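Nothing in this text is a laboratory measurement; each read-out follows from the coordinates by a stated rule. All figures in this text were calculated on a predicted structure; none of them were measured in a lab. Positions of Cβ are generated from backbone atoms using ideal geometry, with glycine treated the same way; all protein chains shown enter the neighbour counts.
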Amino acid sequence: MTKKTNKFNNDNSNTCGGKATGLALLNKMKMPVPQWIALNWSQASNISDKLLDKIIEYFGSDNLVAVRSSADNEDGTQKSFAGMFESKLNVPTTKNDLRNAISSVIASGTSLRVNEYDGGNNNMGIVIQKMIKPIISGVAFTGAIDTDGSDVVLIEATYGLGDKLVSGLVTPTQIKVPIHDDILDQDNIFISGKLLPGIDLINNLIKQIQILRNKSKTKLDTEWCIDSDNNVWFVQARPITQPVFIKPRTTNSAIPVVGGTVTAPVFVIPELGAHTSPEIMKKRFAEFPDGAILVALYTEVDFVPIMKRASGIITEQGGVLSHAAILSRELGIPCIVNYPNATKKFKNGDIITMNATTGQIKEDIEFIQSNETAWMDEAWLFDNIKRIPYNSDCVLVESLPNRLNVYAPLMESKDVSDLNLFIRKKFGVAPNIIRGDSQYSQKFFSWFEDRNHKKLPGYSAALNKAYNVAKSMSASAVHRFYKSCINTAKKYISLAQNTTNAATRLYYSENVVAQYIILDVIFPRAIALYQLYYETAQKLHLAGATFADLLALKKIKGIPKKYYDFITALSQERNDIYPKFQELFPEIAGYWVPENATKMQRAALNAIGIKDTDNMFMLNEFYKNLSKVKKIV
């Protein structure tokens, strides 16, 4: 039998494994740890009666113990293996019970979930630890980042044993403890969720966490419990593998865990749980389509083969420090837990968009979890978007009443945590970070187009008209505005089709596209929508109706007919705009196709004597040299 006293390291190469490493470090720091021993993989895999006798003598023949994994690659700084291996609780200290429990834990090292997670190459040590009968227990991260970028200790607690919490079977009580000058502020803790009996005992835990933070430079993921004598015990400690960014709880109690926005079909697995037969598990895993959003009661570690194939995860139960939540962070999969009735609300094949930064989910057009300003996220009002300096990246920030969107199109995933922290500290809120190509990224891409289009002669004039039409709330003014912009576009279409110069053709084509974007996006989805909202918000409130009700043309007391006429005219004109432009200017269908755009923009730049420009920035280069183009025009 061996106790390991080394500090944490990346490979945990000592023969007793990662969990033993953590316990030994806790002992070394003189933290309260229940009586324990560790077996190396040689002892564990071929355990003798003589060694079992020593274990029984050490713990006593009438006590219960926990038999837990301590693999060589477990609880490291890169991968936690959180919940991947089996643990056996309340094991009687008899030879037969101990031998069976040890064999079961060792066998879990070759399970499907472990193979999917890390290839299944591990040497299994064993930790045997005296069982504590707790009043409350849970998980504590000694370092997390709050929505405003400040450091906090994050604690999750539940009744009795903590296995229900870490398995995601319950939604725990969450406790945030502010940190000021490295001191935990016990007077200003924030508690969300059910108030547990004995919650006052948390102050004892906070005192022990303060001691632990003082002694360890490493931020730790710990499991703890408090017994009937009010004693605090730490039963596990390991490094935090990924930064824990706390996200605001939503109005329906859903808890965002791992940020990101995903649009994909749903696959619901309502019956999976701790007692599901291997046959059912295997059948559901085989049916799961790659890239789908997994919806389940909760996710346990047996779900790893599916989690790795999923584009997002939604569960009805669980907390941010559960094993599955930790694995979601490690795998980088957008995840929302504690979403009410998720397995009943969604059906297999439903196409939904989940925003795992805010906890919002929408199906088709309507938000399932919505509020009166949620529609603003869909609106394209560029006045809300500002460019901010951040290293060498181009970062756009959109400030909305219900969120802060941050667009970082070229940022690599490994750099997102640093940006997240930067935004929290600068703006004091948790951001919704959008990278790469998504339905939201088009809005931010168009922000650059808007900046360029403002350099065109007819664009700003059309915008001014759009604001005046919106203020009028007149259906006839809407029809006149669309007709006017289409006539302007026709003029530029004629010029584009009758020039042989590539630079002037692109110039006239950009003018056509600018008019199209105003009519398709900026006027109906931003200017008119905002004006309509502020004109009707008070009336809707008095009538007990929502803005969504108005947009759906539901009859609402106190809302004049002109607003319904305005919405109808707006909808009719916008629905017709693309077919009209496609008929007038067939080239518009392929205008945003990358190979078409590259060819057109390259030819235009060559026509004004500019070569060797990166494909991604050719249009920007064209607008920088607009004065040269206008001379040709």
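Some points to look at:
- Extension gain for the segment residue 471 to residue 491, taken as residue separation times 0.36 nm less the Cα-Cα distance, is 4.5 nm to one decimal.
- For the pair the range 317-341 and the range 122-145, the centres of their Cα atoms are 19 angstrom apart.
- Over 21 Å between alpha carbons, listed pairs 443/555; 454/491; 554/580; 414/443; 454/624; 386/425: 443/555; 554/580; 414/443
- R0 of 35 Å, Cβ-Cβ distance residue 498-residue 387: FRET efficiency to nearest 0.05: 0.40
- Nitroxide proxy distance, nm - points 7 Å out along Cα→Cβ at residue 230 and residue 207: 0.8
- The range 560-633: radius of gyration and largest Cα-Cα distance (Dmax), Å: 18.5, 58
- Using the average count of surrounding beta-carbon atoms within 10 Å as a protection proxy, the listed peptides 593-600, 218-225 rank, highest first, as 218-225, 593-600.
- If you take the Cα centroid of the range 221-242 and the Cα centroid of the range 503-576, the two points sit 55 Å apart.
- Stretching the chain fully between residue 596 and residue 557 yields a gain of 8.9 nm (0.36 nm per residue, less the alpha carbon separation).
- Under the simplified labelling scheme, the residue 611-residue 534 pair shows an inter-label distance of 5.2 nm, with each label point 7 Å from Cα along Cα→Cβ.
- Exceedance of the 29 Å cut-off in Cα-Cα distance is limited, within the set 599/631; 247/465; 133/282; 483/628, to 247/465; 133/282; 483/628.
- Note on residue 35 and residue 442: with the Förster distance fixed at 56 Å, the Cβ-Cβ geometry gives a FRET efficiency of about 0.40.
- A Förster radius of 35 Å combined with the Cβ-Cβ distance from residue 565 to residue 347 puts the calculated FRET efficiency at roughly 0.45.
- In summary, the lysines within cross-link reach of residue 50, defined as a Cα separation below 16 angstrom excluding same-chain residues under 8 places away, comprise 95.
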